[in-house]
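K.L.:
Handing you a structure now.
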Amino acid sequence: MEETNKKQVIELACKAGKMVLENGGEIYRVEQTMTAVCSAYGVSLSESFATPTIIMLSAPIANGESYSRMMRITERGINLNKVSAINDFSRKLPASVDDAFNALRAIDESTPYPIWVRVLASSIGVGAFTVMFGGEVGDYPISHLG
């Protein structure tokens, strides 16, 4: 694989890792995703490192030289649907790197669940915890006030 393509693969892997971390994925999953993307496109011996605020990836590209990429994580949220989509993406990568960038872009631009679904799910969760921690069914409506 030529040098430019290896750099593109590293960029793709970092973008995927950044999206996992921004959407609530675990650190080990970020590192695993970046390594899987690199391996799938023939960039062997890649080393990934992630913290809650930064990701780094380095891999040899040619003649003993390495290419390293670092990205800051400035946005955080919880969208496990995107994390799951990126996980599936890293297991079933398209044949070309350009197609992979397009697939990743489509995942990034996907919309979250509608607000009514999120409110309903939160409401059910709050009520369940109220009962689980010793509240009674009559406490259920009051638990939604706090």
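The values are calculated or read from the model by the stated rules, or taken from the named source; none is laboratory data. What you are looking at is a predicted structure, and each value in this text was computed from that prediction instead of being measured. Please note: Cβ atoms are built from the backbone with ideal geometry, for glycine as well, and neighbour counts cover all protein chains shown.
K.L.:
Scan the range 49-56 and give yes if some residue there is over 26 Å from Gly24 (Cβ atoms) and surrounded by 13 or more Cβ atoms within 10 Å (Cβ to Cβ), otherwise no.
P.N.:
no
K.L.:
For the range 94-110, which positions are part of a loop (DSSP other than H, G, I, E, B) and farther than 18 Å from Asn81 by Cα?
P.N.:
Of everything in the range 94-110, those that are part of a loop (DSSP other than H, G, I, E, B) and farther than 18 Å from Asn81 by Cα turn out to be Pro94, Ala95, Ser96.
K.L.:
May I pose another question? For the condition at positive phi and either within 11 Å of the chain's Cα centre (by Cα) or assigned to a helix (DSSP H, G or I) (or both), what is the one hit in Gly24, Gly17?
P.N.:
Gly24 is the lone residue from the list that is at positive phi and either within 11 Å of the chain's Cα centre (by Cα) or assigned to a helix (DSSP H, G or I) (or both).
K.L.:
Something else now. Among Ala40, Ala13, which is the only one that is at pLDDT 95 or above and either of a type outside the set (Val, Ile, Thr) or surrounded by 13 or more Cβ atoms within 10 Å (Cβ to Cβ) (or both)?
P.N.:
Ala13
K.L.:
Kindly indicate the residue of the range 79-93 that is part of a helix (DSSP H, G or I) and free of Cβ contacts under 8 Å to residues at least 40 places away in the same chain and also surrounded by the most Cβ atoms within 10 Å (Cβ to Cβ) among those meeting that condition.
P.N.:
Here the answer is Ala85.
K.L.:
Would you tally the residues in the range 94-116 being more than 14 Å from Met19 (Cβ to Cβ), surrounded by 13 or more Cβ atoms within 10 Å (Cβ to Cβ) and out of contact with any Leu (no Cβ under 7 Å at 6 or more places or on another chain)?
P.N.:
So the answer is 1.
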